[in-house]
Amino acid sequence: MDVSQSIKEDILKNQLPRGVPLRQAILSTRYGVSRIPIRDALLSLKSEGWLVPNGKAGVMIPDLNWTEAEDLYLMRAELECLLFSMAFDYISEEDLIKARYFLTELNKENLTLVYKGELNWLFHHTLYRAAERPTLQRMVEGLNKQAVRYLGFQYGPLGYKVRSQNQHEELLLLIESNDKNAALIFLRQHIENAGILLTEFLKKLNT
């Protein structure tokens with residue numbers, strides 16, 4: 001696991017402080033590397049939305065909040081359904097085989113939260129890439145990378161993993177049956193239902 005991935009994992013596990021500047025010297029000691037890879041990792045995480053600016057040149061871990069979680073799932077629902085609609089007629093048997101491979105990997109034990117998030121994205125990416133719309137694809141990928149920050153809740157207290165995996169399987173069956181309309185409706189429900197559950201949970205935490 002590289003430094004960027006290690007920092008992500010520690011953020012998800014609440015092992016790094018939120019709302020205060022992250023010090024490169026402290027991180028360098030924590031992860032046993034020089035400041036150069038730490039600096040590069042922080043810049044990368046900032047570009048992905050995992051970190052936000054603090055002061056003139058510093059960064060910090062932002063608090064998780066329901067409004068951001070809601071924005072993410074609302075944007076994902078619109079853009080992913082659009083991309084999926086463009087891709088649907090061109091999804092190949094090879095794509096479905098790869099998608100099922102990622103589902104199998106997701107069912108393995110002892111995976112890090114970051115890796116689970118990557119596998120979840122790879123599953124969806126495999127279904128969307130046939131659209132061959134790289135600009136839209138990058139936008140959707142960015143939203144998914146930001147959404148991983150909330151995965152600790154979905155795979156933790158919300159216990160959403162099994163439900164999510166079952167829905168992934170059902171989505172593949174709809175694709176195989178060539179039912180585009182039903183598949184589009186189901187994908188939107190898949191994204192929105194998980195987002196609403198997370199948003200309501202976060203609202204309760206803030207009350």
Item to check | the chain: angle of helix 35-47 to the longest principal axis, Cα-based, in degrees nearest 10 | outcome: 40
Next on the checklist: I want to verify a result. In a Gaussian network model of the chain, Cα cutoff 10 Å, which of these has the top mean-square fluctuation: 30, 100, 39?
Outcome noted: 30
Item to check | Spread of Cα-to-Cα distances over 10 Å intervals beginning at zero, given as percent, for the range 1-105 | outcome: 12, 32, 25, 22, 8, 0
Next on the checklist: For q values of 0.19, 0.24 Å⁻¹, compute log₁₀ I(q)/I(0) with the Debye formula on a Cα-only model of the range 3-60, without solvent.
Outcome noted: -0.60, -1.01
Item to check | the chain - Debye-derived log10 I(q)/I(0), Cα point model, q = 0.09, 0.12, 0.13, 0.14 Å⁻¹ | outcome: -0.38, -0.66, -0.77, -0.88
Item to check | Sorted by Cβ density within 10 Å, fewest first, the residues 168, 124 | outcome: 168, 124
Checklist entry - What is the pair-distance distribution P(r) of the range 80-199, computed from all Cα-Cα distances in 5 Å bins starting at 0, with each bin given as a whole percent? => result 2, 11, 22, 26, 22, 12, 4, 0
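Coordinate-derived values only; no laboratory data. Here the structure is a predicted model, which is why all the values come from computation and not from measurement. Neighbour counts run over all protein chains shown; Cβ positions are idealised from the backbone, glycine included.
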